[in-house]
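Quick note: the coordinates plus some simple rules give every number you see, no bench work behind them. Fair warning: this is a prediction, and the values are worked out from it, not measured in the lab. All Cβ positions, even for glycine, are placed from backbone atoms using ideal geometry, and neighbour counts span all protein chains on display.
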């Protein structure tokens, strides 16, 4: 019996050792995206950014193979996102949660990250509070106040004194509305009206008409990326709400490629604030855009693509620093303060907030030999999330 016990103990030890070795063979990244529904293009862009990074740098880092496990929330479905995150952790044994096109999904999955102490790499989801919901979350994309507070102050300082705001009625839209109101009014501007629009609205004509009827000096707009920017810009053009009559301001989504195509010359002069555009002139971005187009069949990368690409860079560099370890505490310690040159410019991870620090660009739609283009004309460097900066004081 004693020999049998010893044999069983040896077998158990060998089995445990073998299982441990097998678990070290790969790093499983659970990618939660919106692969169907109106935000499908966003998830595809993000996923292509991931694929491009792995195509360029290989699928092995620190001796461990990277395995991406993809799951679809089919839109803003927090209950689904939480269930998928739980399944990825408990059933699929993922080491890292990643992706998150939309804030509601990121907030729901953050509960799972916090409870399981799993690193969570947020590649979009820009509402400021997202990273406060799990101490194991990091964001490589942006926060909405980070993009908009500098912009609101800039607009007022340019002599724009009266603004009407139109935002999508969900947490990111509320974040943007508050950020623009706060900074615009703080710099001497006046908000003369405001609208909140359904997040899933396919038709903006009634909202645009209400804004036009208010006869404001300027209109500030935020809608999420996907099919909505083109829809709202088309409605603006059809109702004569154009920059030659009313100053049109917004976050960069409203002048993405599809929106510019939809609005045509009616978009000339629209001014936006953003952190990434495929026309950004750095050598690194030109290389990134060329490679992305080759991967995607000629489609230009957008904010989601660069979010996926930079998210994978963070994961790879952290694994190099930890020697392949993926436990939450080691991952976070290695990631805090990390800095690198992204296609969008220099970025870093704030060690206190785990949010990205980056340059915010102001752009104007201009006609060039290459068609309508967002041309950068001003910028603010090393911008942190202003909401958390105030909280820290």
- 222 nm [θ] for the chain, helices only, -39500 (n - 2.57) per DSSP H run of 4+, per residue, to 500? -14000 deg cm²/dmol
- Query: According to the square roots a ≥ b ≥ c of the eigenvalues of the Cα gyration tensor, what is the shape class of the stretch 259-393, taking rounded for a/c under 1.5, prolate for a/b larger than b/c otherwise, and oblate for the remainder?
  - Reply: oblate
- Query: So how far, in whole Å, is the C-alpha centre of the stretch 164-219 from the one of the stretch 127-162?
  - Reply: 16 Å
- Task: When a/c is below 1.5 the answer is rounded, else prolate if a/b is larger than b/c, else oblate, so apply that to the stretch 128-214 with a ≥ b ≥ c taken from the square roots of the Cα gyration tensor eigenvalues.
- Result: oblate
- Message: Compute for the stretch 70-196: radius of gyration divided by Kirkwood radius, i.e. Rg/Rh, restricted to C-alpha atoms, rounded to two decimals.
- Response: 1.10
- Have a look at 51, 245, 28 and tell me which one the Gaussian network model of the chain (Cα, springs below 10 Å) gives the largest fluctuation. 245
- For residue 114, put the label point 7 Å out on the Cα→Cβ axis and report which residues of the stretch 146-171 keep their amide N under 15 Å from it. none
- Top of 311, 159, 75 by mean-square fluctuation, Gaussian network on the chain, Cα under 10 Å: 159
- Between the helical axis of 144-157 and the dominant principal axis of the chain, each derived from Cα atoms, what acute angle in degrees is found, rounded to the nearest 10? 20 degrees
- Task: If a/c stays under 1.5 just call it rounded; otherwise compare a/b with b/c (prolate if a/b is bigger, oblate if not). Do that for the chain, with a ≥ b ≥ c from the square roots of the Cα gyration tensor eigenvalues.
- Result: prolate
- Query: So if we plug the beta-carbon distance of residue 215 and residue 379 into 1/(1 + (r/R0)^6) with R0 = 25 Å, what FRET efficiency do we get, rounded to 0.05?
  - Reply: 0.20
- Order by protection proxy (mean Cβ within 10 Å, highest first), peptides 186-199, 265-278: 265-278, 186-199
- Query: In a GNM of the chain with a 10 Å cut-off on Cα contacts, which of 158, 251, 209 has the highest mean-square fluctuation?
  - Reply: 158
- Task: Please sort 293-300, 132-139 by packing, taking for each peptide the average over its residues of neighbouring beta carbons within 10 angstrom, highest first.
- Result: 132-139, 293-300
- Query: Ranked from highest to lowest mean number of other Cβ atoms within 10 Å per residue, what is the order of the peptides 90-96, 100-106?
  - Reply: 100-106, 90-96
